[in-house]
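Asker: The structure's right below; bear with me while I get my questions together.
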Amino acid sequence: MNIAIFAGEVSGDLIGGALARELLRADPELTLWGVGSAAMRAAGVEIVEDSASWGAMGVVEALRKVPGLVVGAGPRLRAVVRQRRPDVIVLIDFGAMNVRAARFCKAHGIKVVYYFPPGTWRRSGDKGAELARITDLLLVPFPWAEERYRRLGCNVANVGHPMLDRVRSEMSRDEFASQFGMDPRAPIIGLLPGSRKHEVSHLMPTLLESARRIHRKVKDAQFVVGVAPSVSIEMMRDLLMDHADIRDRLSALWHEFAQEAESKVLKPVRDTADALSPQGQRRLVTVGGVLVSEDKFKARLEDQRREAERRSKMGLPPIVLAKGLTYEVLAHSDVLLLCSGTATLEAALFETPMVILYRGSKIMEIEYYLRGFHKSIPHIGLPNILADRRIVPELIQRDATPEAISEHALKMLNDPETRHRVKSELRSLKLLLGEPGASGRAARLVLQVARSGA
């Protein structure tokens, strides 16, 4: 049997990868191919078009992507679909491409399942009515989405949210803190600037200044930057040009996280942290597979020690760069300062208080205010959207200042009543996502459609 899966960006790729594993578990003889990236490829899907760079936020950013999709990827994918004629095509989110794909496939007699249709979080309205004509089945993660699409005439099933199956922590707080020489009893603040280059470049300087302000009020606060897989050492160095006390140590301390090498690197990472912290405070460490050679490290140690003493006077707080440990950062932080996106819902599953942020380019800011989004869109963060009320603070564009960010963070950190309320509401939010096993339920329904008569 021949099944195509089309996913448009990182979050869709993760959903597609989980679905593919369940499909192959149910029928190991399946042929799976489609559009996706690392997660789907690892799950056994033949990737005919890599979508890793397709993600965009805002109309202006999206418009930059559309020509390449419509003129480039679109025709190529239509040709592949005609040639391979899948028994069913599964489309995951990413309406800019996948709604067009649904129209094309339906017109050519190919069965269409849309998993996470665009705007699936909406509670009312008639957007998406066209899906009743161009799909055979919608798979949605929320009960209200099932009700809304059914009213629009769609064949729809609520399978729950697959995030419940993949979001988990593998370490205790003590284990996580020990990897970076942190004190598990002291506050840990997670900084997550996003996974797209423009998100990270616009938000990271603001997060660093926010950290500085928080540290002035909470002297034992420790900060962990959750570095996305898409962010390289070169990119981080460029972003930290104004923060030389971090930038100058990246070459010696940047390491890709490798799970199989974990036990080999813990001690040298801690030793390196000690060596670079002449005043006894570990300033910057990352965990990973391979450290620089010992000889090279020793040759540079004295220069770096003197430089660290000079830089420490600048007042930058203890900061860790953790790549490949996003779920651990989400789980073990006391407060998160994070870019709007999928990570906000993942953080909600850990019940971690957060401040949701978004800063884009000047053009995006102009678009946001000129189009009246600041008035017409009540929430941008997924926890607030799904709860249909403001559970956690949101600071968008010019409102996302270090002063405002640090004020909200300090309240969540220091006010027990606020902290308890937020954690309680996030705990209630998890109930809206259904039960674990969404990917398995989705796979069974996809196979039913594939095996059904035309």
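Asker: Could you tell me which residue out of 124, 167, 190 lies farthest along the dipole of region 106-221 toward its positive end? Charges go on the beta carbon: Lys and Arg +1, Asp and Glu -1, centred on the Cα centre.
Answerer: 124
Asker: With each label point set 7 Å from Cα along the Cα-Cβ vector, what nm distance links residue 432 and residue 230?
Answerer: Modelled inter-label distance: 2.5 nm.
Asker: Which order, highest average first, do 442-452, 119-129, 317-327, 138-148 follow once you tally other Cβ atoms within 10 Å for each residue and take the mean per peptide? Present the calculation step by step, with values, prior to reporting the outcome.
Answerer: Details: 442-452: 18.2, 119-129: 14.0, 317-327: 22.4, 138-148: 20.7.
Order by mean packing, descending: 317-327, 138-148, 442-452, 119-129.
Asker: For labels at residue 123 and residue 52 in the simple 7 Å Cα→Cβ model, what's the distance in nm?
Answerer: 3.9 nm
Asker: Pairs 111/197; 106/127; 111/430; 323/423: which are spaced more than 30 Å apart, C-alpha to C-alpha? Don't jump to the answer; show the numbers that get you there.
Answerer: Values: 111/197 36 Å; 106/127 19 Å; 111/430 32 Å; 323/423 26 Å.
In this structure, 111/197; 111/430 exceed 30 Å between Cα atoms.
Asker: Quote the charge dipole size of region 70-127 about the Cα centre in Debye, to the nearest 20; the model charges only the Cβ of Lys and Arg (+1) and of Asp and Glu (-1).
Answerer: Numbers: 12 positive and 3 negative charges, 34 e Å.
Dipole size: approximately 160 debye.
Asker: Could you size up the charge dipole of region 128-174 around its Cα centre, putting +1 on the beta carbon of Lys and Arg and -1 on that of Asp and Glu, and report it in debye to the nearest 20?
Answerer: 140 debye
Asker: Here is a follow-up. Roughly speaking, what is the stretch gain from residue 147 to residue 417, that is 0.36 nm per residue apart minus the C-alpha to C-alpha distance, in nm to one decimal? Each step should come with its number before you reach the end.
Answerer: Working: separation 270, 0.36 × 270 = 97.20 nm, distance 3.57 nm.
Result: 93.6 nm gained on full extension.
Asker: Now a separate question. Dividing the alpha-carbon Rg of region 70-137 by 2.2 N^0.38 Å yields what? Mind dumping the intermediate values first?
Answerer: Values: Rg = 12.2 Å, N = 68, 2.2 N^0.38 = 10.9 Å.
Normalised Cα radius of gyration, region 70-137: 1.11.
Asker: Is the shape of region 181-227 best called rounded, prolate or oblate, per the rule: a/c under 1.5 gives rounded, else a/b larger than b/c gives prolate, else oblate, with a ≥ b ≥ c the square roots of the Cα gyration tensor eigenvalues? Write out the running numbers ahead of the final one.
Answerer: Numbers: a/c = 4.22, a/b = 1.74, b/c = 2.42.
Oblate is the answer for region 181-227, as a/c is 1.5 or above yet b/c matches or exceeds a/b.
Asker: Here's a follow-up. When the chain is fully extended, how far beyond the present Cα-Cα distance does residue 451 get from residue 132, taking 0.36 nm per residue of separation? Don't skip to the end; give the middle numbers.
Answerer: Numbers: separation 319, 0.36 × 319 = 114.84 nm, distance 2.03 nm.
Going from the current span to full extension adds 112.8 nm.
Computed from the coordinates by the stated procedures, all read-outs in this text should not be read as laboratory data. As the structure is a computational prediction, the values presented were derived from the model and not from experiment. Please note: Cβ atoms are built from the backbone with ideal geometry, for glycine as well, and neighbour counts cover all protein chains shown.
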